[in-house]
Structure formats: C-alpha cells, structure tokens
Amino acid sequence: MARLIPVADPADPRLADYTRLRDVNLRKSLEAEHGLFMAEGEKVIRRAIATGHPVRSVLAARRWVEPLSDVLGDAPVYVVEDAVAEAVTGFPVHRGALASMERLPLPSTGTLLPGVRRILVLEDLVDHGNVGAIFRCAAALGVEAVVLSPRCADPLYRRSVKVSMGAVFAVPYARMTDWHGGLDELRAAGFTLLALTPDQAATPIGKAPRGERVALMLGAEGDGLSSRWLREADEPVCIPMSGDAMDRGVDSLNVVAAAAIACHELMRPGVL
C-alpha cells in the first residue's frame, strides 16, 4: 500500500525530484545525475509502471491518489495542495499526479536490432515534443524500434513522455554512441537506409527500393538531415507535395507530419 505523506512546504527536500520541471537545463542535469524521469497523469504513470520502471515517489493532490492506489505499491506519495505543487514544479499540475520514475538501462544499438525489420533513425532532433510525437507515430503505425543519434533529445524528458501519451514506453529505442560510424552499424545489420528529405527531386517514398530491413532516417527540425548522413544513405526519399505548394509558401512538412506519412508508407501492407 502506498504511503501517504502530507507535505505543506514547497521547499521540503523530499520534493527535490519535482523541482522546476520547466527548466530544461536544470532537469537534464538533475535527471541524469539521479537516473530518473517524470511521468505525468494517471495514464502515463500506469504505462511507465507496466513497462517495469520502478516508482521513486509520487506528487499528487489527495483527490488523485485513489485512482492510482492499485499500482503504486509502497512508494511514498507526497500529498500536496495545488498551490504547493505549482510552487515546486513551476506550473499548474492540471493532470493531478506526477511520478518520479527510475530509468532502466538502455540497450545498445546492436542488441536492439535483432528481429526488427522497420526502424526510425532520428538525427539531432532537439525539440522534446517532436520526439514524443514521433514515438507516438511509430507506436501507432507499427514501427518496431527507434535509434537516436548521440545529440537527439531525450524521449523520457517530461514533455516527450507527455506528448507521446506513453508511447515512449511501447517502442524500444537505443542511442548511438558514435555519430560518424552509427549508420555503418545499421548497414552491416542488413538495413537499407532511406533518408527523408524535402527535396522533391528525390525518389518518392512509395517508389523507393526496399530490402528485408529498412531504416528511415529523419533529420533535425529546420535543417533536416546532415549532408554526411544524406551522402551515406542508400536512397534519398521524399513525400511528394502538391505542385503549387511553393506558391503557397510551403517548402517542406513539419517533421512530425512527415514522420506520420512516411511511417504509414513504410508499414503499408504489401511492401513489407
């Protein structure tokens, strides 16, 4: 049974895990140092627990404790008023409950790849919301795994988890340790590397050559894939746009929209 601990002081050191959740630099340092991440809201907390992440503690208004009581075990639950939660976290906690969860060891890229045939490879995406949304696309459309470049945003950062609606727990992922040689490891494992680009001169993704195993590469917001990764790809591919898109001031799709369309095409029946 969860231990309910009323806390009235926002400066109580027991609430340190929840400090200033909107301060990205602080959170990166604190979460890396303590091996934790934040899960927000009942649905996401349940998904995190279901995938084996131990609960360090929970911060919640009393009215939100009962809906989670069946999954919290003996974790400490710091019961606070809404004003205290906002003072600690830096924003109104509308979803009622926050859980500080322990991270699990990430698999290496090499141990992630066996048995999977369709993966995404994200190069240097820095927007946590975009990363979370792409994981949600991958989970919804059946992509089996995601590989991150070394500088890609953290899928377990609070905003990534929230935007993904917990899909970051449903899709296995690994982080490359070597940006320069990371694609070589994928190619050696038998993956055809498709580089998604807004360049309309590239091969339409629906007509791209496909092998037994395909890795779809997505680049950073704005700049897209680096020139090095574009050169290393087996085939640059594009999502064909309307002939008058440029006249309407549109030269590319948002990376999340592009990921959704490309994943749908990648997983389309008959092309696996």
Query raised in the report: Would a scan of the stretch 208-226 turn up a residue that is in contact (Cβ under 8 Å) with a residue 24 or more places away in the chain, more than 19 Å from ILE261 (Cα to Cα) and over 23 Å from the mean Cα position of the chain (by Cα)?
Result: yes
Query - The lone exception for MET241 - which of (1) touching a helix residue (DSSP H, G or I) at 6+ places or on another chain (Cβ under 8 Å); (2) over 30 Å from LEU98 (Cβ atoms); (3) modelled with pLDDT under 95 it fails - result: (1)
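Listed residues GLY166, GLY132; which is at pLDDT below 95 and open to solvent by less than 10 Å² (accessible area, probe 1.4 Å)?
On inspection, the qualifying residue turns out to be GLY166.
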Report summary line: Just one listed residue, out of GLU185, GLU212, GLU221, is out of contact with any Lys or Arg (no Cβ under 8 Å at 6 or more places or on another chain), surrounded by fewer than 19 Cβ atoms within 10 Å (Cβ to Cβ), acidic (Asp, Glu) and more than 19 Å from VAL126 (Cα to Cα), and it is GLU185
Query - Count of the stretch 144-163 residues which are open to solvent by 30 Å² or more (accessible area, probe 1.4 Å) and of a type in the set (Gly, Ala, Ser) - result: 0
Query - Residue among ALA75, ALA39, ALA16 that is without any contact (Cβ under 8 Å) to a residue 40 or more places away in the chain and open to solvent by less than 80 Å² (accessible area, probe 1.4 Å) - result: ALA16
Query raised in the report: Given (1) without any contact (Cβ under 8 Å) to a residue 40 or more places away in the chain; (2) within 25 Å of PRO105 (Cα to Cα), where does GLY166 come up short, assuming only one miss?
Result: (1)
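How about the stretch 86-118: which of its residues are farther than 11 Å from ALA145 by Cα, open to solvent by less than 70 Å² (accessible area, probe 1.4 Å) and β-branched (Val, Ile, Thr)?
First, pick out the residues of the stretch 86-118 that are farther than 11 Å from ALA145 by Cα: 86-108, 110-111.
Still in the running and open to solvent by less than 70 Å² (accessible area, probe 1.4 Å): 87-93, 96-101, 107-108, 110.
Passing the criteria: VAL88, THR89, VAL93.
Considering only the stretch 220-240, how many residues are assigned to a loop (DSSP other than H, G, I, E, B) and either in contact with a Phe, Trp or Tyr (Cβ under 9 Å, 6 or more places away or on another chain) or at negative phi (or both)?
To start, the set of residues in the stretch 220-240 that are assigned to a loop (DSSP other than H, G, I, E, B) comprises 221-223, 225-226, 233-234, 239-240.
Next, from what is left, pick out any that are either in contact with a Phe, Trp or Tyr (Cβ under 9 Å, 6 or more places away or on another chain) or at negative phi (or both): 221, 223, 225-226, 233-234, 239-240.
Going through the stretch 220-240 one residue at a time, the tally reaches 8.
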Report summary line: Within the stretch 218-272, of all residues that are of a type in the set (Asp, Glu) and in contact with a strand residue (DSSP E or B) (Cβ under 6 Å, 6 or more places away or on another chain), the one nearest to HIS180 (Cα to Cα) is ASP234
Query raised in the report: Got a number for residues in the stretch 224-260 being closer than 19 Å to GLY132 by Cα and either hydroxyl-bearing (Ser, Thr, Tyr) or open to solvent by 80 Å² or more (accessible area, probe 1.4 Å) (or both)?
Result: 1
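Can you find a residue in the stretch 127-148 that is small (Gly, Ala, Ser), in contact with a Cys (Cβ under 9 Å, 6 or more places away or on another chain) and at positive phi? Please lay out each step first, then the result.
Keep residues of the stretch 127-148 that are small (Gly, Ala, Ser), which gives 129, 132-133, 138-140, 142, 145.
Those left that are additionally in contact with a Cys (Cβ under 9 Å, 6 or more places away or on another chain): 138, 140, 142.
Cutting the leftovers down to at positive phi gives us 142.
The answer is yes; a qualifying residue exists.
The values are calculated or read from the model by the stated rules, or taken from the named source; none is laboratory data. Just so it is clear, the structure is predicted and the values come from calculations on it, not from any experiment. Reconstructed Cβ throughout: ideal geometry from the backbone, glycine too, with neighbour counts over all protein chains shown. Note: accessible area is taken over every heavy atom of the protein model, side chains too, but ligands, DNA and RNA are not part of it. Shrake-Rupley method; radii C 1.70, N 1.55, O 1.52, S 1.80 Å.
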